[in-house]
Amino acid sequence: MSKLVICDHPLIQHKLTFIRNKDTNTKDFRELVDEVATLMAYEITRDIPLETITVQTPVAETPSKVVSGRMLGLVPILRAGLGMVEGILKLIPAAKVGHIGLFRDHETLQPTEYYINLPTDAPNRLLVVVDPMLATGGSAIAAITALKKRDCEHIKLMCLIAAPEGVKAVQEAHPDIDIYIAALDECLNEKGYIVPGLGDAGDRMFGTN
Ligand code: PRP
Ligand code: URA
């Protein structure tokens, strides 16, 4: 079974409180999501492999570590996932970025794919699927399925807020995928919104409604 990692660093929890607040404006919402994405990127890269090289300091030659292994790729789920990309790139500037466009039907809550564009070497990369919200799990499951169909096997999922229903659904559909979240909320309401959640992430990020 995959890992569920709750990134509960005090700074992440502090910023998440302001992200949740309905009175936080679009500009501040965007900035806070960007900052939390940077902090979560630290956690998501905690287990990437290192190799030893030799470096010449001004004083002596010494063995020292550098990251090695698979290059990273970010795959935001449009729209709201876009708001997490820049924050992650601050820590991992060489990552390539693919995009998956999915929207959730308001009645059925089923995701519909409308766009996919991945780096040509995506199958060789560790791909991080990013989306602020993991509600029913339908969008994340569809995104991961779309990646696997294109021969991508090394995938992690990173979300800000998850409902227990969404975590369970992803774990059942894709038991090999580790999930990183900043908060595990109570439940979904009758409209498929996470409670207490933050509302509609895309609308809050882009000022639509
Ligand atoms: C939101 C959110 C996720 C999805 C989560 O996107 O950003 O992608 O819902 O819900 P699920 O786990 O039940 O699938 P939405 O479909 O509202 O699209 P948007 O980002 O374009 O607003
Ligand atoms: N998508 C959102 O943007 N918010 C939710 O609470 C659930 C799905």
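Things to note:
- Considering the stretch 99-109, the residues that are part of a loop (DSSP other than H, G, I, E, B) and in contact with a Ser or Thr (Cβ under 7 Å, 6 or more places away or on another chain) include one that is nearest to ligand 1 (Cβ to nearest atom), namely 109.
- Count of residues meeting criterion [among the hydroxyl-bearing types (Ser, Thr, Tyr) and not in a strand (DSSP E or B)] in the stretch 42-98: 4
- Cβ-Cβ distances below 6 Å connect no pair with a first residue in the stretch 156-173 that is without any contact (Cβ under 8 Å) to a residue 12 or more places away in the chain and on the phi > 0 side of the Ramachandran plot, a second residue that is within 11 Å of ligand 1 (Cβ to nearest atom) and hydroxyl-bearing (Ser, Thr, Tyr), and a separation of six or more residues or different chains.
- Condition met for residue 203 (more than 10 Å from ligand 1 (Cβ to nearest atom) and out of contact with any Ser or Thr (no Cβ under 6 Å at 6 or more places or on another chain)): no
- Conditions (1) in contact with a strand residue (DSSP E or B) (Cβ under 6 Å, 6 or more places away or on another chain); (2) under 25 Å from residue 134 (Cβ atoms); number of the one not met by residue 66: (2)
- Cβ pairs under 9 Å, 6+ apart, first in the stretch 42-54 and more than 21 Å from residue 155 (Cβ to Cβ), second aliphatic (A, V, I, L, M) and surrounded by 11 or more Cβ atoms within 10 Å (Cβ to Cβ): 50/67; 51/67
- The residue that is surrounded by the fewest Cβ atoms within 10 Å (Cβ to Cβ), counting only those in the stretch 57-93 that are farther than 17 Å from residue 40 by Cα and of a type in the set (Gly, Ala, Ser), is 60.
- Residue that is nearest to the chain's Cα centre (by Cα) [pool: residues in the stretch 59-109 that are among the acidic types (Asp, Glu) and at pLDDT 95 or above]: 86
- Identification of helices (runs of 4 or more DSSP H) wholly contained in the stretch 110-209 with 3 or more residues that are surrounded by fewer than 17 Cβ atoms within 10 Å (Cβ to Cβ) yields 138-149, 164-173.
The values are calculated or read from the model by the stated rules, or taken from the named source; none is laboratory data. Every value quoted in this text rests on a predicted model; they were computed, and no experiment measured them. Virtual Cβ from ideal backbone geometry, glycine too; neighbours counted across all protein chains shown.
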